[in-house]
1. Given labels modelled 7 Å from the Cα in the Cβ direction, how far is it in nm from S76 to F28?
2. Sequence neighbours fewer than 8 away in the same chain don't count; with that in mind, list the lysines whose C-alpha is under 24 Å from K78.
3. Order 60-71, 2-13 from most to least packed using the mean count of other Cβ atoms within 10 Å.
4. Relative to the Cα centre, what is the charge dipole magnitude of segment 1-79, using +1 at the beta carbon of each Lys and Arg, -1 at the beta carbon of each Asp and Glu, and rounding to the nearest 20 debye?
5. What's the carbon and sulfur percent of the chain's accessible surface, probe 1.4 angstrom, rounded to a whole number?
6. Sort the chain into rounded, prolate or oblate with this rule: let a ≥ b ≥ c be the square roots of the eigenvalues of the Cα gyration tensor; rounded if a/c is under 1.5, and if a/c is not under 1.5, prolate when a/b is larger than b/c, oblate otherwise.
7. Between E47 and H84, what is the spin-label point distance in nm, taking each point 7 Å from the Cα along the Cα→C-beta axis?
8. Using only Cα atoms, locate the centre of segment 42-90 and the centre of segment 1-38, then give the distance between them in Å, rounded to an integer.
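The values are calculated or read from the model by the stated rules, or taken from the named source; none is laboratory data. It should be emphasised that the depicted structure is a prediction, and the values quoted were computed from it without experimental measurement. When we count neighbours, we look across all protein chains shown, and the Cβ atoms used for this are built from the backbone with ideal geometry, even at glycine. In case anyone asks, the SASA skips ligands and DNA or RNA and just uses the protein heavy atoms, side chains included. Shrake-Rupley method; radii C 1.70, N 1.55, O 1.52, S 1.80 Å.
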Amino acid sequence: MPRIIPIRDLKDTAKISEMVHESDEPIFVTKNGYGEMAIMSMKAYEEKMFMLDLYEKVAAAEKEFQEGKGRDAFESIKQIKEKHGMSTEE
(Lines give C-alpha, C1' and ligand atoms only; values in the text may rest on other atoms or scores of the structure.)
Protein backbone atom coordinates (compact mmCIF):
# COMPACT_ATOMS: atom_id res chain seq x y z
CA MET A 1 0.00 0.00 0.00
CA PRO A 2 1.49 3.39 -0.91
CA ARG A 3 2.57 5.78 1.80
CA ILE A 4 1.19 9.29 1.48
CA ILE A 5 2.39 12.19 3.59
CA PRO A 6 1.67 15.94 3.62
CA ILE A 7 4.45 18.24 2.46
CA ARG A 8 4.86 19.71 5.97
CA ASP A 9 6.20 16.32 7.13
CA LEU A 10 9.30 16.82 4.96
CA LYS A 11 10.74 18.94 7.78
CA ASP A 12 11.63 15.76 9.67
CA THR A 13 14.38 14.59 7.31
CA ALA A 14 15.54 11.75 9.55
CA LYS A 15 12.04 10.26 9.59
CA ILE A 16 11.70 10.66 5.80
CA SER A 17 15.06 8.98 5.25
CA GLU A 18 13.98 6.09 7.45
CA MET A 19 10.67 5.78 5.59
CA VAL A 20 12.24 5.65 2.12
CA HIS A 21 14.72 2.99 3.21
CA GLU A 22 11.97 0.82 4.72
CA SER A 23 10.20 0.47 1.38
CA ASP A 24 11.07 -0.26 -2.24
CA GLU A 25 8.14 1.92 -3.29
CA PRO A 26 8.06 5.72 -3.46
CA ILE A 27 6.48 7.87 -0.80
CA PHE A 28 3.89 10.25 -2.23
CA VAL A 29 3.89 13.81 -0.92
CA THR A 30 0.76 15.94 -1.06
CA LYS A 31 0.29 19.69 -1.00
CA ASN A 32 -3.14 21.09 -0.20
CA GLY A 33 -4.58 17.59 -0.61
CA TYR A 34 -3.16 17.04 -4.13
CA GLY A 35 -0.23 14.96 -5.29
CA GLU A 36 2.90 17.09 -5.43
CA MET A 37 5.88 14.73 -5.68
CA ALA A 38 7.22 11.27 -5.00
CA ILE A 39 10.45 10.42 -3.18
CA MET A 40 12.37 7.17 -2.88
CA SER A 41 15.75 5.84 -1.83
CA MET A 42 18.62 5.88 -4.30
CA LYS A 43 18.67 2.07 -4.23
CA ALA A 44 14.98 1.87 -5.19
CA TYR A 45 15.47 4.55 -7.86
CA GLU A 46 18.43 2.74 -9.43
CA GLU A 47 16.50 -0.55 -9.44
CA LYS A 48 13.52 1.13 -11.14
CA MET A 49 15.78 2.75 -13.75
CA PHE A 50 17.52 -0.57 -14.40
CA MET A 51 14.19 -2.31 -14.95
CA LEU A 52 12.93 0.51 -17.19
CA ASP A 53 16.08 0.22 -19.31
CA LEU A 54 15.66 -3.55 -19.49
CA TYR A 55 12.00 -3.25 -20.57
CA GLU A 56 12.95 -0.74 -23.27
CA LYS A 57 15.64 -3.07 -24.63
CA VAL A 58 13.27 -6.04 -24.64
CA ALA A 59 10.63 -3.97 -26.47
CA ALA A 60 13.21 -2.89 -29.06
CA ALA A 61 14.34 -6.49 -29.55
CA GLU A 62 10.74 -7.67 -29.95
CA LYS A 63 10.13 -4.95 -32.53
CA GLU A 64 13.23 -5.97 -34.50
CA PHE A 65 12.13 -9.61 -34.36
CA GLN A 66 8.67 -8.70 -35.66
CA GLU A 67 10.27 -6.73 -38.49
CA GLY A 68 12.26 -9.79 -39.50
CA LYS A 69 15.59 -8.34 -38.42
CA GLY A 70 16.39 -11.20 -36.03
CA ARG A 71 19.08 -13.77 -36.74
CA ASP A 72 19.43 -17.35 -35.68
CA ALA A 73 21.76 -17.52 -32.66
CA PHE A 74 23.47 -20.74 -33.76
CA GLU A 75 24.15 -19.32 -37.22
CA SER A 76 25.54 -16.13 -35.68
CA ILE A 77 27.91 -18.11 -33.46
CA LYS A 78 29.03 -20.18 -36.43
CA GLN A 79 29.79 -17.01 -38.42
CA ILE A 80 31.76 -15.50 -35.54
CA LYS A 81 33.81 -18.66 -35.12
CA GLU A 82 34.54 -18.78 -38.87
CA LYS A 83 35.53 -15.11 -38.86
CA HIS A 84 38.07 -15.71 -36.07
CA GLY A 85 39.38 -19.02 -37.41
CA MET A 86 37.83 -21.12 -34.66
CA SER A 87 36.50 -24.63 -35.06
CA THR A 88 32.81 -24.71 -35.99
CA GLU A 89 32.41 -28.34 -34.92
CA GLU A 90 30.25 -28.91 -31.83
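1. Here the answer is 4.1 nm between the modelled labels.
2. Result set, ordered by chain and number: K69.
3. 2-13, 60-71
4. 200
5. It is 56 percent, rounded to a whole number.
6. In terms of gyration-tensor shape, prolate.
7. Each label point is offset 7 Å from its Cα along the Cβ direction, giving 3.6 nm.
8. Between the Cα centre of segment 42-90 and that of segment 1-38, the gap is 39 Å.
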